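A short write-up of the structure that comes next.
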Amino acid sequence: MSAMAPDVQQAAWLTIRLALTTTLFLMIVSLPLAWWLARPGPWWKPVLGAIISLPLVLPPSVLGYYFLIAFGPSGPGGWVARLWGGRTLAFSFPGLVVGSLLYVLPFAVQPIQNAFRAIGRRPIEVAATLGASPWRTFWTVAVPLAWPGIVTAAVLGFAHSVGEFGIVLMIGGDIPGRTRVLSVALYDYVENARWHDANMIACGMVLFSFIVIVLLSALRGEIRRTDA
Amino acid sequence: MSAMAPDVQQAAWLTIRLALTTTLFLMIVSLPLAWWLARPGPWWKPVLGAIISLPLVLPPSVLGYYFLIAFGPSGPGGWVARLWGGRTLAFSFPGLVVGSLLYVLPFAVQPIQNAFRAIGRRPIEVAATLGASPWRTFWTVAVPLAWPGIVTAAVLGFAHSVGEFGIVLMIGGDIPGRTRVLSVALYDYVENARWHDANMIACGMVLFSFIVIVLLSALRGEIRRTDA
Amino acid sequence: MTDSSLLRVAFQGRAGTFGYDFALDAPAQGVTALFGPSGCGKSTILRCIAGLDRPAAGYCALGDTVWQDAKRFVPAWRRPIGYVFQEPSLFPHLSVRGNLLYGAGVRSLRRLPPDLADIIAMLELETLLERGVAHLSGGERQRVAIGRALLRRPALLLMDEPLSALDSARKNEILPFLQMLHRQIRIPILYVSHDIGEIASLADHVVLLAPGRVVESGPWADMADRLDNRRGYRPDHTLPDAAATDCRAARSEG
Amino acid sequence: MTDSSLLRVAFQGRAGTFGYDFALDAPAQGVTALFGPSGCGKSTILRCIAGLDRPAAGYCALGDTVWQDAKRFVPAWRRPIGYVFQEPSLFPHLSVRGNLLYGAGVRSLRRLPPDLADIIAMLELETLLERGVAHLSGGERQRVAIGRALLRRPALLLMDEPLSALDSARKNEILPFLQMLHRQIRIPILYVSHDIGEIASLADHVVLLAPGRVVESGPWADMADRLDNRRGYRPDHTLPDAAATDCRAARSEG
Amino acid sequence: EPLRLAVAANFAGTAHILADAYTARGGERPTVSSGSSGQLATQITQGAPFDLFLSADAERPRDLIAQGLADPASRTTYAIGQLVLWQPDGAAPPHAAPLGAATLAANGFTRLAICNPQTAPYGAASIQALHALGVYDTVSNKLVVANSVAQALQFARSGNAELAFVALAQVHDGHGGAYWLVPQKLYAPIVQDAVVLSHAPHPGEAHAFMTFLQGPQARKLIEAAGYVVPATAGTAP
Ligand SMILES: Nc1ncnc2c1ncn2[C@@H]1O[C@H](COP(=O)(O)OP(=O)(O)OP(=O)(O)O)[C@@H](O)[C@H]1O
Ligand SMILES: Nc1ncnc2c1ncn2[C@@H]1O[C@H](COP(=O)(O)OP(=O)(O)OP(=O)(O)O)[C@@H](O)[C@H]1O
Ligand code: MOO
Ligand SMILES: [Mg+2]
Ligand SMILES: [Mg+2]
């Protein structure tokens, strides 16, 4: 373990960065997307909502293969990478973030969308009659009222991007310091029967995540609701 | 492909059975659990809620390893298995269901819990003043009003148990007809670079799941809400 | 009056900064009006009687049936009450029909006994039955809420300003119906209203409240004059009277 | 009257089975009361004026400012209105203070200009400011809703039965204040009420509605007698009058 | 930037030992990225920035060479895997004969773990051995298939399976239990080849490591870890 300690530290730090970055972008993407999906619209809107859930039905490592090919030299990712002289989008931190993001998106969009729906029309109307622009209404009425759903999305997104592994392993390539996150390191230890190290890391991950999740949940607070 | 066809058929059928069974039990477990978590209670209730999310932070294959130990002859699973003369819960369909269930639980409990919370106190109180027992209130008021959250839980749970793979791989043993589900078969093809077969199966899984998810979402209907 | 003809109620408790200590006996028949300024605790009393709130200390009995005392607390759903909330509070997932039948114990309107079917006719709900409740007008909602509480055939009716969103023509139909109701089937009614006209035409007994406590109570005949002086609607818009001042004083202390 | 002193409104549309065709001109100052049976479309008119509903065909202009015509539709949030909804509809996530300030354009109550600060005093909301809205009494909620709409300093005030849950003592304070308000700062008020007393003391102009249409409209002075005959509160509980019968007939056709 | 080794999972532990020995001679320590051979090969085709690929088979390096992604001259057989049958402590029935071919023939167990014959060479070798021993038909319904040799070991170590076919390199790590070295004649040799990749970020260093891999020190370490080293190292078949 002691020989591995700097390695583990590096992986831990990378994991935290990946989970937080993913969660951040997850919120940035899923808030407007969920808001848009929650409003009434044409028939293909719910269909699009269903499509978002589809990545889930493929095993992460298989999805990872497809991502890998899409990111690779002959996929669209490769064309993009060539712009700055790279060969592939995979095997890099941004690549990991994109992959994790797509995978956890449905877990975030759906609860937020439900929370937006549950607000109902009235608070939005009241805000309008008080002169609030749609932008202000979104931030001062819709988001606070949908807060529990948003926190849930963040918790699930964070937890899943800490634990996600199939995709990260495939598009990351287990490169120490660049894409070797704790979950991959942990997998390695288990594969190599280094149980003691594996248990240590697992405990650490569970503990850290427990703290983050409890903190996030505390952010949810207690929603104050009238009974009217 | 044609040589694999009966094999794939068997795996497909098993996948459907596993996903539907898991979703069913998921609902049976998470409805009361979410209801209980949604009601106000002592400080450790939200902590317990956070603990439910923790399996997510471990890579499925690692979690699978712990399950393997828990299901084995010297774990609680072994004691249970001994009741019907078995040695272990691993490598069996019920074992897969239990494993998948634990893994998808947080995705189901949290949205349902939020939906129950969003109902507020009033409809529950009204039902009480109309003489409805808590049991009747739960089924005729709480569940219908939380319906979108429940459907979301079912959709996520279903999709995830179709695609879940790490845990199934770890505790299933890939026994054709018993634990070899499509996601595992798909992984094999991808590993061996049999892209044609892999793409066929992946398309089939995505299509089938798309249909199920759209049907499930249609069940969600449009919730009618007063503005009051 | 014997015990069995009384609604006996005593609640002591606190909600946030609002402390209360109510004690009142009302006849277990006829209409008892609760009358008092906004925020004095009228809804609180109804909620405690219904068993929705549980005050720190309380006693509540209708006739010989004790719903709450030091040992006992009958949960709300076992108390045979009908409650018309201050806001209509209809079930948003049910149609008007579904709302009406929820407490009625039958599955179809055709199974309703004739006297209950009359209620739907009187409230003019026939044409609304298939509608969802989201797009009802304010008055329509309130009528559904009244119908829903009555169809339960309660042994005690709690009504929190049930007619406030109704036009006077409809009020004029519903009021005599309520009177008839309590005379025919002898349901006692506890009735909150700000409208002295409604109280005049309905109430047999009046309870006058100040914030957190009962000021006076008695038969309408005894109370009418005093009430008229204290709180009647005066088109000359004079300043608020003593009781209302009480109220503000008490609140700023709290 | 020139165009610039009128609120001109014409809405044709349909909501489910309820079809309407309203056309009314009201003075762009003073209080105009909308009066009609439950379900006749009073709230619908207010919603259309506020821009919350968009009727199939419509015209809406306050003075020289057109909010809606064949080409144009100013969204609700750009119309300088204050709306007191039939249900208080407070923001559940904000305190009383947060609700009051939401439309006021300032961040602290101390920044309020004195005339707006008076509103809070008049509605006796000072002691409630820090409270969440979940545990307010019905009347307290309604007062917050009124204050919130007034603090926006609207150019047109739409009030849907704003005083129905208030006791008469409070009504007697708020009514003259509203009168003063529209006289001093000349906000025109469109006011829905079932209470002839309120209308008598407030309205300059009265619009009488039947389901889906305007029956008559005119200055209070002209309408008072007729109105009193048609819809006044009569303690003798006579049967519903002609207009109410209209209403039912129209609805059973629909 | 260190040298990056892409190493088949079964060799990852040994690769770490080799990396340490290599570093002891000076220079930065190579990093070890492990995964299944198939996964690593796909990653290499998609531009993974590895210098060397130590596969668990001979086929995948050959494929990479065919695609122009690896240097044909560099291909080396660095190890030949040895299959063992492993049994955890306490899993043997009382009075059983010592672990061996007879254990399989006696059929006194409920589960035998192997790794996936379609993706892992050790799995294919296990099947061959079972056929050669003539017991395949009697035990085929007791097989549970793991995704890698490591997982097969986990199946047995956790007690869920009483027996497992794994690599000798794994049981050297001291997990207790008993093992039987399956005779080489019962299965085709598990030839593990290494190549230097065409897109290697550090080609010079990569070839240096390849030379080290064929040197006496590395051979001794590989042997000690539980592999056979080909007699004429460096000349791939
Ligand atoms: N949690 C709380 N914190 C502080 N005050 C509270 C709380 N809950 C209730 N109150 C106060 O208790 C008082 C009584 O409320 P209640 O709803 O019974 O009044 P009411 O008589 O029904 O008034 P109204 O006629 O306006 O409906 C109100 O002043 C209310 O603000
Ligand atoms: N979607 C709908 N389907 C059918 N009828 C509808 C729909 N939406 C509104 N209505 C009807 O339109 C009528 C007008 O409603 P509105 O809320 O404007 O009435 P109101 O005059 O404000 O009544 P109240 O005094 O009871 O509040 C009501 O009868 C209502 O039932
Ligand atoms: O990658 Mo392996 O060594 O085939 O199990
Ligand atoms: Mg009240
Ligand atoms: Mg209305």
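The values are calculated or read from the model by the stated rules, or taken from the named source; none is laboratory data. On a predicted model such as this, the values are computed, not experimentally measured, just so you know. Positions of Cβ are generated from backbone atoms using ideal geometry, with glycine treated the same way; all protein chains shown enter the neighbour counts. With ligands, DNA and RNA removed, areas are computed over all heavy atoms of the protein, side chains included. Shrake-Rupley method; radii C 1.70, N 1.55, O 1.52, S 1.80 Å.
Summary table
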{"item": "Helices (runs of 4 or more DSSP H) wholly inside region A:55-134 that include at least 2 residues being more than 14 Å from chain D (Cβ to nearest Cβ)", "result": "A:60-71, A:76-82, A:93-119"}
{"item": "Residue count, region E:50-59 (criterion: in contact (Cβ under 8 Å) with a residue 40 or more places away in the chain and either surrounded by fewer than 24 Cβ atoms within 10 Å (Cβ to Cβ) or in a loop (DSSP other than H, G, I, E, B) (or both))", "result": "6"}
{"item": "Residue in region D:109-126 that is more than 16 Å from ligand 4 (Cβ to nearest atom), assigned to a loop (DSSP other than H, G, I, E, B), touching a Leu at 6+ places or on another chain (Cβ under 9 Å) and open to solvent by 20 Å² or more (accessible area, probe 1.4 Å) present", "result": "no"}
{"item": "Residues of region E:125-139 satisfying the condition of being open to solvent by less than 10 Å² (accessible area, probe 1.4 Å) and of a type in the set (Gly, Ala, Ser)", "result": "E:Ala125, E:Ser126, E:Ala129"}
{"item": "Filtered residue count, region C:140-174, keeping only those that are at pLDDT below 85 and near ligand 2 (Cβ under 10 Å from one of its atoms)", "result": "4"}
{"item": "Residue match in region E:78-97 (condition: open to solvent by less than 20 Å² (accessible area, probe 1.4 Å) and assigned to a helix (DSSP H, G or I))", "result": "no"}
{"item": "Yes/no for E:Ala24 being more than 10 Å from chain A (Cβ to nearest Cβ) and either touching a residue at least 40 places away in the same chain (Cβ under 8 Å) or open to solvent by 10 Å² or more (accessible area, probe 1.4 Å) (or both)", "result": "yes"}
{"item": "Count of residues meeting criterion [charged (D, E, K, R) and either closer than 15 Å to C:Phe18 by Cα or touching a residue at least 60 places away in the same chain (Cβ under 8 Å) (or both)] in region C:207-222", "result": "1"}
{"item": "Region C:109-123: number of residues that are touching a residue at least 24 places away in the same chain (Cβ under 8 Å) and charged (D, E, K, R)", "result": "1"}
{"item": "For E:Arg29: the one exception among (1) more than 30 Å from A:Trp79 (Cβ to Cβ); (2) away from chain A (no Cβ under 12 Å)", "result": "(2)"}
{"item": "Selection count where residues are in a loop (DSSP other than H, G, I, E, B) and more than 10 Å from ligand 4 (Cβ to nearest atom), scope region C:37-52", "result": "3"}
{"item": "Residue satisfying all of: in region D:127-153; open to solvent by 30 Å² or more (accessible area, probe 1.4 Å) and among the charged types (D, E, K, R); nearest to the other protein chains (Cβ to nearest Cβ) among these", "result": "D:Arg152"}
{"item": "Only listed residue being among the aromatic types (Phe, Trp, Tyr), within 14 Å of chain D (Cβ to nearest Cβ), under 20 Å from A:Ile112 (Cβ atoms) and in contact (Cβ under 8 Å) with a residue 12 or more places away in the chain, chosen from A:Phe138, A:Phe158", "result": "A:Phe138"}
{"item": "Set B:Val190, B:Val214, B:Val181: member being open to solvent by 20 Å² or more (accessible area, probe 1.4 Å) and touching a helix residue (DSSP H, G or I) at 6+ places or on another chain (Cβ under 6 Å)", "result": "B:Val214"}
{"item": "Matching residues in region C:175-199 - criterion: being within 21 Å of C:Leu7 (Cα to Cα) and either at pLDDT 80 or above or in contact with a strand residue (DSSP E or B) (Cβ under 9 Å, 6 or more places away or on another chain) (or both)", "result": "C:Leu178, C:Gln179, C:Leu181, C:His182, C:Ile187, C:Pro188, C:Ile189, C:Leu190, C:Tyr191, C:Val192, C:Ser193, C:Ile199"}
{"item": "Matching residues, region C:56-88, being buried (at least 18 other Cβ atoms within 10 Å of the Cβ), without any contact (Cβ under 8 Å) to a residue 40 or more places away in the chain and more than 10 Å from every other protein chain (Cβ to nearest Cβ)", "result": "C:Trp67, C:Gln68"}
{"item": "Of all residues in region E:139-150 being assigned to a helix (DSSP H, G or I) and more than 7 Å from every other protein chain (Cβ to nearest Cβ), the one that is nearest to E:Asn107 (Cα to Cα)", "result": "E:Val139"}
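For (1) without any contact (Cβ under 8 Å) to a residue 12 or more places away in the chain; (2) outside any strand (DSSP E or B); (3) surrounded by fewer than 22 Cβ atoms within 10 Å (Cβ to Cβ), each residue gets a yes or a no:
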{"site": "D:Gly19", "(1), (2), (3)": "no, no, yes"}
{"site": "D:Leu24", "(1), (2), (3)": "no, no, yes"}
{"site": "D:Arg54", "(1), (2), (3)": "no, yes, yes"}
{"site": "D:Leu90", "(1), (2), (3)": "no, yes, no"}
{"site": "D:Asn99", "(1), (2), (3)": "no, yes, no"}
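This table checks each residue for (1) open to solvent by 50 Å² or more (accessible area, probe 1.4 Å); (2) over 14 Å from the mean Cα position of the chain (by Cα).
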position	(1), (2)
E:Ser33	no, yes
E:Ser36	no, no
E:Ala41	no, yes
E:Ala48	no, yes
E:Pro61	no, yes
E:Ala66	yes, yes
E:Pro72	yes, yes
E:Arg75	no, yes
